[in-house]
1. Go through (1) buried (at least 19 other Cβ atoms within 10 Å of the Cβ); (2) touching a Pro at 6+ places or on another chain (Cβ under 9 Å) and name the single condition B:Asp321 misses.
2. Does B:Lys326 satisfy being basic (Lys, Arg) and either assigned to a strand (DSSP E or B) or farther than 28 Å from B:Thr252 by Cβ (or both)?
3. For segment B:64-82, give me the residue count where each residue is more than 8 Å from every other protein chain (Cβ to nearest Cβ) and either over 18 Å from C:Leu92 (Cα atoms) or touching a Phe, Trp or Tyr at 6+ places or on another chain (Cβ under 9 Å) (or both).
4. Got at least one residue in segment C:300-308 being of a type outside the set (Val, Ile, Thr), surrounded by 20 or more Cβ atoms within 10 Å (Cβ to Cβ) and either in contact with a Ser or Thr (Cβ under 9 Å, 6 or more places away or on another chain) or closer than 26 Å to C:Arg9 by Cβ (or both)?
5. I need a count of the residues in segment B:79-104 that are at pLDDT 95 or above and part of a strand (DSSP E or B).
6. On the phi > 0 side of the Ramachandran plot and modelled with pLDDT under 95: which single residue out of B:Gly328, B:Gly308 fits that description?
7. List the residue pairs whose Cβ atoms are under 6 Å apart, where the first residue sits in segment B:273-296 and is assigned by TED's automatic domain parsing to the domain that holds B:Val174 and surrounded by fewer than 24 Cβ atoms within 10 Å (Cβ to Cβ), the second is β-branched (Val, Ile, Thr) and part of a loop (DSSP other than H, G, I, E, B), and the two are 6 or more positions apart or on different chains.
8. Could you list, ordered by first residue, the pairs with Cβ atoms under 9 Å in which the first is in segment C:161-182 and within 7 Å of chain A (Cβ to nearest Cβ) and the second is among the charged types (D, E, K, R) and not in a helix (DSSP H, G or I), at least 6 apart or interchain?
Amino acid sequence: MEYVKGVPLLRPYIDYDNQEFWLAHREEKLVFQKCTYCGKIIHRPKPMCPACLSTDMEWIESTGLGTIYSWTTFVYDRAAYPGIRVPYIVVLVEMSEGVRLVSNIEDVTSEEMYIGMPVEVFFDKVSDDLTLPKFRKRKVKK
Amino acid sequence: MKSIKNKVAIVGIGLSGFSKDCKKTELRMACEAIKDALDDAGLTPRDIDGMIKQTDDSADEHAITSAMGMPNLTFYGETRWAGAPCGMVMQAATGVAAGACHTAVIYRAVNGGSGLRSTPSMRSSGQLSTADLLHWAFHSPFGLMTEQGAVAMLAERYMYEYDIKKDQFGPITVTCRQNGAKNPNSAYFKKPITMKDYKESKMVTDPLRALDCYEKFDAAAAFIVTTPERAKYLNHPPVMILGAAQGSVPETENMCGYYRDDVTGLPEMAVMGKRLFKMAGVKPKDIKFAQLDDAYTPLVPMQLEALGFCKKGKGVNFCGDGKKIKAGGRLPVNTAGGSLGEGHIHGMNHVIEAVHQIRGTATLQVKNAKIGLVATGAGGPAGGLILGR
Amino acid sequence: MFDQYLSRRYQKFGRPDPSAYLIKDKTAIAGIGATEFSKNSGRSELQMACEAIIDAVEDAGLKMEQIDGLVKFAMDYTDEMHLVSALGIKDLAFFAECGWGGGACCSTISHAAAAVATGMAKYVVCYRAMNERSGRRYGRVPGVETVMAAPNDHYGYIMPYGLAVPPSWVALFGTRYMHDYNVTAEQLGWVSVVLREHACMNPEAMFYGVPATLEDYMASKMIVEPLRLYDCCVDSDGACAIIVTTTERAKDLKQTPAVIMGAVQGIAEQGEMMTSLYRPKISLLPEVWYAGQELWRVSGVTPKDVDVAQFYDAFSPLIPMQMEEYGFVEEGEGALFCEGGERIRIGGELPCNTSGGHLSEAYIHGMNLINEAVRQVRGTSTGQVDDVEISLVTGGLGVPTSAILLRR
Amino acid sequence: MTVNYNKNEMIPAPVVDPDSKAFWDAVQNQELVFQKCGDCGRLRHPPRPVCPKCRSLNIEWEPSSGKGTIYSKTIYRKSPHPGMKAPFTVVLVELDEGLKLISNMVDIKNDDIKIGMQVEVVFDNLTDDLNLPKFRKVD
């Protein structure tokens, strides 16, 4: 993926509910919220567990493994984020923890993409203060 | 005449404390206040099928239904402006009375004190609207950029027309603070003030002193309304909605209806009040207590006039030295302290205090508090409620 | 959590009894109004709103002084207090807002109907005015400052990856939908082609006189895979206004009342503004299913009884997806239903978007669809369906949705 | 001047939309004009697209006499904007035509501004492309 210099990077909004998620990326960790009370794993981070209304949450580190649930390719520059050169692929990854995540996939072309493709996380240091979890195709041992 | 009178009841209330920095997101504050209101009523999130929010709030229906596990809502909407608390109750009540939903939650959560108040959402008013342009373009180039200044302009003329002397608004804020000093949830608990403090308070926008104006806080509040039938099975005796009304007239602008003949009248409050009393079938003399919009002291006498508690121009006389508006007076006002004496959450706490009064659970309980009035949105689109048993 | 929806069990317990539903048959749409639809209106949104409301008031045969309620889109840049001043509305007794962009269109009707049914107001105007083409276009990437705001914190999870525009959000659903149910591009193409046919009958439509074939569709520019240009709605400037009152009052007015049988809203769990990607299954639209269940429950009719439908069509895959969730066809069979176009044409089994819809008439956040549904009931549409008894409109998708059912 | 501007900061300029453009264009040409209904002749301010009395969309612009009285005022003790130095007074002027307008006063001390004072319009040339209508006491 090629970023266009000079176009502002779009960054996450970090608040009290989600800061652990975003700050973990700097240490190259992907974490998800887990309800301490009922054990439900949640993404996106929430202030309260929707299953039991507990506000006691912990953060667990993800295995980083998942499969492609859906994807789309940006081919037309006027209907795309100008900070990334088209074509680029956005994927919806289903993680082994059972939660989903939006991200990019690298080193794969649009023609090679398919739903169900196994992927694994890596961390892309986009700028000094922004590291994003992204995905690569993963070889599955038979 | 069809009406929602006696068809809808307030059955649950939740109110956070008032903090200068609560270190929580507005979403979390909203969820906690709603949970408190549900617990108060004896309901769970799955019982909720209606939701009304204030347009400017960042915590929206999606975020709350997802965070709290509400499977589906069938009636939801928004109201804007300072009249919102009563307007939101009215909007939810129309949904319940029309059978579009059964049990609705109304909430607000604002990080006003910590300054973390997020910008209004893109889908509401992230950008100035055409109408906002109209409003601000004719004021801000001349430095009129704050609510305080906007209200001061009304107050100055009000004083001129009715020969009101300097510091005559003081007893209002003193009364609110004295009420708040007895309320453990108040930001000013055990911190009453006297007229001396008021007179020493610094002038901010003449004629308003700092103590004439509310302070900002981080706070959240929620209420739950349902049908009287369901209310029977819940924790508290229902607080019935006897009247609910909104009002807006030409040349209403938020805190600055400058372009009409008389700027001191709160005409939107007057038309709202007329409808409100008519629906409830009562008169101002039947009202045992009133929770009035006290974001700025001059708005209190103006409301007393607009709502018919006294004649035009006599509001300040009515407030006098505070005797008539104290608990035990002829018309106890803002018995928990209101915006000036409890804390500012845009009038939501006014509704909650009215519910406490009717339930008989207020810290400064008014005797025989069978029927009370709440007004919100003085100096803008107005909302009002008359609550009773 | 989602089990109730996935097992398609609608929780009727605890819902108000249909006999308590005061909106059905007792409320009606008495007037509709609109401005022209264009690429550049050349005037303020406030003026557009005023013009549409004046048009609707005249259409109903009312006087402006009689209007005592306003329901706006929360997103609309004109607000009720300035409209009251501009139009000289004397005493506004009811005002409310409905959120979520196009999801609000039928919501406004639901709130207005609740207000008139309970006596809180007599004549309520619902309106939408947008210079969406000449002003701020939704198809473009929002500014950094918008992404950084709390109400849009969900953007933080998608924007840094370049998932930045509405078509791409729908594209993720579209990919999965096509995968799950073996949907072909041609099947979606028929939706676009038939709506264009309908627009060519409607002189008010932006695409009047611009027919398109399936070949044109397939050749149209890929915007975000799998969405082509012809899958996307037409950006437009315009305004619409609708007057809701009681059926009793409407009978004394100028037009045949379009009687409201149901006006419902739906907002389901784990929703997000157009990116509800974290649900167990995303090729479905749970809020639509909920709205549908509620609509059929309160109105007492079934999808079979509907003569003509205006489905919210910001993007073409949304029409077959809605047909499934509203129960017109089985799950996964929507696209097959649209194939060839016969069934959704005027004269077909379920004529859809008879004025051209958002794809080909104009994109006024669903309000132009309501106007068309009313015209179908009155018998005055340019794409009139024979003997319309019952007419359906649905609200925006991927957001909290809404729907109304009208009858003669 | 009763408003002292901070020359290093931006001065808050009006935002103009299609409804108010004619008003602000006239101000740049040192004219104060008000909207007049092209059909019933009713004057109105601030500008809006429709006549609230007869709902006509026809608009004319009528030059103002520029004369009026102070209707109300407030003094900002703390500045709400870095471009303007406190204290300064904002006035609500009632013009002889019966319309009201928010503005500032020139050549007068804050404490000397009184309700009922007779005033007339002057144009304060703040920058090359920004004039604002302000008022001066008439003796």
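The values are calculated or read from the model by the stated rules, or taken from the named source; none is laboratory data. The shown structure was predicted, so the numbers you read here are calculated from the model rather than taken from an experiment. Because the Cβ atoms are built from the backbone with ideal geometry, glycine has one as well, and the counts that use them run over all protein chains shown.
1. Against the list (1) buried (at least 19 other Cβ atoms within 10 Å of the Cβ); (2) touching a Pro at 6+ places or on another chain (Cβ under 9 Å), B:Asp321 comes up short only on (1).
2. yes
3. Number of matching residues: 1.
4. no
5. 2
6. Among B:Gly328, B:Gly308, only B:Gly328 is on the phi > 0 side of the Ramachandran plot and modelled with pLDDT under 95.
7. Within 6 Å, the pairs are B:Lys288/B:Val366.
8. Qualifying pairs under 9 Å: C:Tyr161/A:Lys134; C:Ala164/C:Arg140; C:Val165/C:Arg140; C:Ala171/C:Glu225; C:Thr175/C:Glu225; C:Arg176/C:Lys281.
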